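Beneath this line is the structure, given in structure tokens, with notes to follow.
No lab work stands behind these numbers, since they all come straight from the coordinates. Source: prediction; values computed, not measured. All Cβ positions, even for glycine, are placed from backbone atoms using ideal geometry, and neighbour counts span all protein chains on display.
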């Protein structure tokens, strides 16, 4: 009977450890997915900024550079958590076709930022919390808030594109979390730290 009890206890331990590892792998997979996505978004926004400059939309070029800076902050956070978990971040960057500035703004909002805000990051946050990975959950939460703001900024610029002609404008990016603003509100930045991007 004692052997049977020990065997059952051992099997339960194996099942528990295997389940925990599988769950942890869920967060690790999500971190890798997010890191790849943020790497691609950063590269894409830098190219969109060049296109906006070519078309004379200096303010939109600044906005895309600010968004790229925010995506760099997100990917750095996600890479840090992956490194802590013993994994190596990897990205396969593939640029999409570069269209008109108006189309780049609209596509970035509706096909990129909206998905990350409404679907991807909420799922990743839930998984990270289930896995008790608070660092991953924080990275994902910061990214979700920033992507929501990018959505708003991209839509506003697309609606009033003629008003964005001319020279560069200042955008403010929280150095922790990547929240992006056209008007500085230091209270939105953890620790009050931000950078100005033009």
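In whole percent, what relative contact order does the range 2-197 give with Cα contacts below 8 Å and a gap of six or more residues?
Normalised by residue count, the contact order of the range 2-197 is 25 percent.
Could you work out how much longer the chain between residue 186 and residue 76 gets when fully extended? Use 0.36 nm per residue separation minus the Cα distance between them, nm to one decimal.
So the chain would gain 37.5 nm between residue 186 and residue 76.
How far is helix 134-159 tilted off the main Cα axis of the chain, in degrees rounded to 10, range 0 to 90?
20
What ranking of 98, 73 emerges when the number of other C-beta atoms within 10 Å of each C-beta is taken as an exposure proxy, fewest first?
Starting with the residue having the fewest Cβ neighbours, the order is 98, 73.
Within a 10 angstrom radius of the beta carbon, how do 38, 116 rank from fewest other beta carbons to most?
Final ranking by Cβ density, sparse to dense: 116, 38.
Pick from 97, 89, 122: which residue has the top mean-square fluctuation in a GNM of the chain where Cα pairs under 10 Å get a spring?
97
To the nearest 10 degrees, how steep is helix 121-130 against the longest Cα principal axis of the chain, on a 0 to 90 scale?
20
Hey, how many Å between the Cα centroid of the range 133-198 and the Cα centroid of the range 78-99?
So the separation of the two Cα centres works out to 20 Å.
Within the range 66-84, find all residues whose amide N lies under 18 Å from a label point positioned 7 Å from the Cα of residue 95 along Cα-to-beta-carbon.
From the range 66-84, the list is 66-69, 71-72.
Can you put 150, 29 in order, fewest other beta carbons within 10 Å first?
By the 10 Å Cβ count, ascending, the order reads 29, 150.
Quick one: grab the alpha carbon gyration tensor of the range 95-192, order the square roots of its eigenvalues as a ≥ b ≥ c, and give me rounded if a/c is under 1.5, else prolate or oblate depending on whether a/b is larger than b/c.
Oblate is the answer for the range 95-192, as a/c is 1.5 or above yet b/c matches or exceeds a/b.
Add -39500 (n - 2.57) for each DSSP H run of 4 or more in the chain, then divide by its residues: what number comes out at 222 nm, to the nearest 500 deg cm²/dmol?
-22000 deg cm²/dmol
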